[in-house]
Amino acid sequence: MLTGNRLKEIREAKKLTLLELSDLLQISDRTLGSYEREERKPSAELIEALLTHLQLSPEWLFTGKGKMFVETKPSVIKIPFRSEIEAAAGNGCYVYNENITEFIEVPEKIIKEINANSEQSDFILARGDSMEPTIYNKDKILIDRSKIELKDSRIYVVRLEDRILVKRIQKIKGAEIVLISDNKDFYSPIPVNLINDDVTICGQVLWMMRELI
């Protein structure tokens, strides 16, 4: 049976005041206090609220045995990996096809932190060394295809004629931009006119994965 001491343990484990926990459980702090002091028996509504809002183990809640909280796996979002598309972090690569070869699971927390539109995102492979030390050869880069409005100094995947490039964007004036490599000692800037040149902004690079081998 749920005891007042166990209820207090829950509150202290979550580092909540009596008022904060009562707000979470949607009961008054006075009522919650009476449960902790064992002045009244815990109601079915209280037990249901504890299990629902705090992910408590029913076994621990009723017996005090085992782990206090149920272990839950972090929520993940599956992002398509188009391994046959290669964005050149160098002198450019051709697009072969756009078939999805697998899905990469990314924690939902990360997707929210980078503000990615998961429905419009893909992983592709970076090739070359022109974006080192930011992006290395064979890094898997996450592209948000919904983010095509250019922001200065951000990294984008750009189709320039028959090449797919990953470059940092520098806005100049009007339709004039420059595609910049982070490895400036070996790669020169590429001036581009968004109107006159055969160029398409494919999306913004928001995140990447690197295999440590």
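FYI, it's all coordinate maths here, none of it is from the lab. The shown structure was predicted, so the numbers you read here are calculated from the model rather than taken from an experiment. Don't worry about glycine lacking a Cβ; one is built from the backbone with ideal geometry, like all the others, and counts go over all protein chains shown.
Placing R0 at 35 angstrom, the Cβ-Cβ distance between Ile195 and Tyr136 gives a FRET efficiency of 0.60 after rounding to 0.05.
Measuring nothing but how far apart in sequence close Cα pairs (under 8 Å, 6+ apart) lie, relative to its length, the chain scores a relative contact order of 15 percent. Once backbone amide H atoms are built at 1.01 Å from N, Phe69 has Ser57 as its partners under 5 Å, excluding neighbours fewer than 5 places away on the same chain. Mean residue ellipticity at 222 nm, helices only, the chain: -6000 deg cm²/dmol; runs of at least 4 DSSP H residues each add -39,500 (n - 2.57), and the sum is divided by the number of residues.
Extension gain, Leu16 to Asp182, is 55.1 nm, computed as 0.36 nm per intervening residue step minus the present C-alpha separation.
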